[in-house]
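Asker: Okay, handing you the structure first.
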Amino acid sequence: MYCTRKVCEDLYWVGGDDRRLTLFENIHPIPRGVSYNAYLLLDEKAVLFDSADWEAGRQLIENVTHLLNGRPLDYLVITHMEPDHAAAVGLITKYWPDVKILCSLAASRFLDQFGFCCAAASAEVVKEGEHRSFGRHDVEFIAAPMVHWPEVMMAFDHTSGVLFSSDAFGTFGALNGKLFADEVDFDRDWLDDARRYYTNIVGKFGPQVQDVLKKTAALPLRCICPLHGLCWRKDLESYLDKYQHWSTYTPECAGVNIVYGSMYGNTENAAQILACKLAERGITDTALHDVSSTPVSELVADTFRYSHLVLASVTYNLNVFPPMHNFLSDLKMLNMGHRTAAVLECGTWAIKSGGLMREMLASLPEMTVLEQGVTLRSSLKDAQETQLDALADALAASVKG
C-alpha cells in the first residue's frame, strides 16, 4: 500500500521510514530510526530524485507506481550513490527498464562498482551548472563533492525553489507521518539528532560544506529536501545558520563538555565535583559523559556544540584509557578543533594519561589547552580541592570570556 506526501506543486515524497535499523552505518545508534527520502516530480516527464535503501525498496516502488498511475518513469536523478540511497536503483530499472539515469561522473563509476544498475538502464553524466527542462520545471545541477562523498551532486528546481540537497541538511529519526520541520517542535525533538547527524556524518568536511553554502546562498530557496529527515519550507535561515556554525567549527554556545574515563569511580567522582564547582561559578550549560558508555556520536556532537572541553582519564597500560583514546582519535579524524580544553589525569603509578591527552589535543587544529590541570593519585584528596578549584576558576573565566 502506498504512503506518500505532497511537497509542493508537482512534487511528492515517495520514501520510507526504517525503525528496525539500530546502528546507522553500523556505528551510530538511531533509537528513533531513520528515513530514506526520495522525491517524484510529475511534469511532462516523470523524474525520480534518488531511490532508497533495500529496507525501503518495496515501499518506494509502491509509492512511485501509485503516483505514476500507469505512465512511464522517464528519469532517475542520483545525487548520492551511498547504498542507503542507491541500493534500490536496480529495482527501479527492473520495473521501468527505459528509465534514463542522470548522475555525476563519479556516481556513474560507483554504479558499476556497487553493481546497482542493470544493463537495460542508461546513465547520462551531468555537470556543474548544467540545466535540464522536464516540462515547466527547470532543474540545475550543483556539484557538492565531499559532502560527504566525492560524487555528491545537488539539484535545484528553479521553477519551485526546491533544493534536492542530498545528504546535506539531513537528520536521524523516522518521519512518522510528518514531513516538514514546521510540523514538529524541531529545537526540542529534532535538533540533537540533526547535530549528531551532521557532526558525525559530514563533520569532517567543513570547508566543502562552506563551498555549498556559498553556492546555495545565491539561489532563491523556498524548500530544502534532504535524503534523511525533515524537509524545510519555513524559517530556512535558522537551519542554514546551524550549518554555518557547524561547518566553521564555531561553538553553538559557551559551555563545557566534560568527558571522563573511569575504571573504579574515582575519576568519575572528580569530574562530577568539577561540574558542581562550575555550576557554583555560574557555568550551568554543561554536559557530563562517561566515555565508556556514551555513544561516540553523542560525545562528538556535544564537542561541536560547546565552546570548552574537559577530558578526565585514568592511565591504562601506560597510555590513555582506550575509550578516551578512541574518542580523541575520532575528533582528529573529523578535523575537530577550535575549542579550549582542559585535562584531568588519574593513576596509581606511572601516571601518563594527562601528558598524552595534551599531545593529542595539540594535534587538533586551533586547540587551546589550559595550563591548569589536576593529577589524581588513585583518588581525589581533600588537599587537592584547591587544584580542582583553580581548574574550575580557569574554565569559568575562559567560558565567560
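The values are calculated or read from the model by the stated rules, or taken from the named source; none is laboratory data. Since this is a predicted model, take the numbers as computed values, not measurements. When we count neighbours, we look across all protein chains shown, and the Cβ atoms used for this are built from the backbone with ideal geometry, even at glycine.
Asker: Collect the residues in the range 269-292 that are of a type in the set (A, V, I, L, M, F, W, C) and in contact with a Cys (Cβ under 6 Å, 6 or more places away or on another chain), keeping them in residue-number order.
Answerer: none
Asker: Looking only at the range 342-357, count how many residues are surrounded by 19 or more Cβ atoms within 10 Å (Cβ to Cβ) and not polar (S, T, N, Q).
Answerer: Number of matching residues: 9.
Asker: Report yes if residue 249 is surrounded by 14 or more Cβ atoms within 10 Å (Cβ to Cβ) and more than 28 Å from residue 19 (Cα to Cα), otherwise no.
Answerer: The answer is yes for residue 249.
Asker: Further question: Quick one: residue 286 ticks every box in (1) farther than 30 Å from residue 51 by Cα; (2) out of contact with any strand residue (DSSP E or B) (no Cβ under 6 Å at 6 or more places or on another chain) bar one, so which box is it?
Answerer: (2)
Asker: Residue by residue through the range 29-42, note down the ones that are in a loop (DSSP other than H, G, I, E, B) and out of contact with any Asp or Glu (no Cβ under 6 Å at 6 or more places or on another chain). Explain how you work it out, then say what you get.
Answerer: Restricting attention to the range 29-42, the residues satisfying the condition of being in a loop (DSSP other than H, G, I, E, B) are 30-33, 37-38.
Result: 30, 31, 32, 37.
Asker: For residue 26, which of the numbered conditions (1) modelled with pLDDT of 95 or more; (2) in a helix (DSSP H, G or I); (3) closer than 17 Å to residue 85 by Cα; (4) of a type outside the set (Gly, Ala, Ser) fails to hold?
Answerer: (2)
Asker: Could you grab me the full set of residues in the range 43-59 that are within 20 Å of residue 133 (Cα to Cα) and either touching a helix residue (DSSP H, G or I) at 6+ places or on another chain (Cβ under 9 Å) or in a strand (DSSP E or B) (or both)?
Answerer: 46, 47, 48, 49, 50
Asker: Kindly list the number of the only condition in (1) modelled with pLDDT of 95 or more; (2) out of contact with any strand residue (DSSP E or B) (no Cβ under 8 Å at 6 or more places or on another chain) that fails for residue 119.
Answerer: (1)
Asker: I'd like the residue in the range 303-352 that is in a helix (DSSP H, G or I) and either touching a Cys at 6+ places or on another chain (Cβ under 8 Å) or basic (Lys, Arg) (or both) and, out of all such residues, is farthest from residue 258 (Cα to Cα).
Answerer: Restricting to residues being in a helix (DSSP H, G or I) and either touching a Cys at 6+ places or on another chain (Cβ under 8 Å) or basic (Lys, Arg) (or both), the top hit is 332.
Asker: Looking at the range 60-157, what helices (runs of 4 or more DSSP H) fall wholly within it and have at least 1 residues that are hydroxyl-bearing (Ser, Thr, Tyr), surrounded by 21 or more Cβ atoms within 10 Å (Cβ to Cβ) and in contact (Cβ under 8 Å) with a residue 24 or more places away in the chain?
Answerer: Values: elements: 83-86, 89-95, 105-114.
Filter on the range 60-157 gives 89-95.
Asker: Return the residues of the range 187-211 that are surrounded by fewer than 19 Cβ atoms within 10 Å (Cβ to Cβ) and either in the same structural domain as residue 335 (by TED's automatic domain parsing) or within 22 Å of residue 3 (Cβ to Cβ) (or both); say none if nothing qualifies.
Answerer: Within the range 187-211, just 189 meets the criteria.
Asker: Could you please find all residues in the range 132-148 being farther than 24 Å from residue 82 by Cα and not acidic (Asp, Glu)?
Answerer: The answer is 133, 134, 135, 136, 137.
Asker: Same structure, new question: In this structure, does residue 197 turn out to be under 19 Å from residue 299 (Cβ atoms), in contact (Cβ under 8 Å) with a residue 24 or more places away in the chain and touching a strand residue (DSSP E or B) at 6+ places or on another chain (Cβ under 6 Å)?
Answerer: no
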